[in-house]
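Written below as structure tokens is the structure these notes are about.
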Amino acid sequence: LSEKARHVCGENGPASKACLNAWLAVDALQAEAARQRAESIEQTASEQYYDEEYPEAFKDREYEAWCSG
């Protein structure tokens, strides 16, 4: 895709809207690929902290979230 963006910029100029849009597409795809490669988090650090240190506090927060919904 980078090659295509380079081609578009070569034909239309580096300051053209087409060039900008081509690189925006490349950047968006790169960002999405990076996001998809990231490992999923089973439990956030705060969830782990509350589960280990204050399990009753986390249960209260879950209950409040369910009841407020």
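The values are calculated or read from the model by the stated rules, or taken from the named source; none is laboratory data. If you're wondering where the values come from, they're calculated on a predicted model, not measured in any experiment. Note that each Cβ is placed from the backbone with ideal geometry, even for glycine, and that neighbours are counted across all protein chains shown.
Scanning region 1-48 for residues that are among the hydroxyl-bearing types (S, T, Y), surrounded by 13 or more Cβ atoms within 10 Å (Cβ to Cβ) and assigned to a helix (DSSP H, G or I) yields a count of 0. State whether the residues of region 59-69 include one that is loosely packed, with under 10 Cβ neighbours inside 10 Å and modelled with pLDDT of 65 or more. Looking through region 59-69, none of the residues is loosely packed, with under 10 Cβ neighbours inside 10 Å and modelled with pLDDT of 65 or more.
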